[in-house]
Amino acid sequence: MKRRILMASVLALVSILGSTPALSQAQQRLEAQPSGGAMVADALLARPLLFVATLGGTAVFLVSLPFSALGGNVDAAAEALIKTPAEATFRRCLGCTVSRRADEL
């Protein structure tokens with residue numbers, strides 16, 4: 001009896017792990033075509049908040065620029081504070097959750 005339970009558990013685990021790539025591919029296809037609700041929420045909520053985050057990140061970057069220059073990490077600071085929120089604001093499709101990268105264009 002215990003052996004049957006163990007075999008059923010192993011079989012269930014293998015089938016779940018085997019179906020994970022298929023689920024991931026299905027999710028990518030769904031994200032490639034966002035729903036109308038996702039587009040509306042993105043346009044009315046996410047984009048304005050991301051734009052404010054871009055402006056705030058730019059302000060923080062400018063204030064911290066002398067210190068970043070002394071530390072030699074201006075590029076990393078610009079990437080984190082300006083480029084990442086700007087790409088999420090202006091480069092991703094409406095309703096999508098992942099920004100397009102420069103190499104995908």
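For the stretch 53-99, the set of residues classified as over 25 Å from ALA43 (Cα atoms), surrounded by 12 or more Cβ atoms within 10 Å (Cβ to Cβ) and of a type in the set (Phe, Trp, Tyr) consists of PHE61 only. Only residues that are part of a helix (DSSP H, G or I) and closer than 17 Å to LYS83 by Cα were counted in the stretch 59-73, giving 8.
Tell me, yes or no, whether the stretch 91-104 has at least one residue that is assigned to a helix (DSSP H, G or I), acidic (Asp, Glu) and at pLDDT 60 or above. The answer is no; no qualifying residue exists. Residues being modelled with pLDDT of 95 or more and under 18 Å from THR97 (Cα atoms) are entirely absent from the stretch 56-77.
The values are calculated or read from the model by the stated rules, or taken from the named source; none is laboratory data. Just so we're clear, the structure is a prediction, and the values are computed from it rather than from any experiment. In this analysis, Cβ positions are derived from the backbone assuming ideal geometry, glycine residues included, and neighbour counts consider all displayed protein chains.
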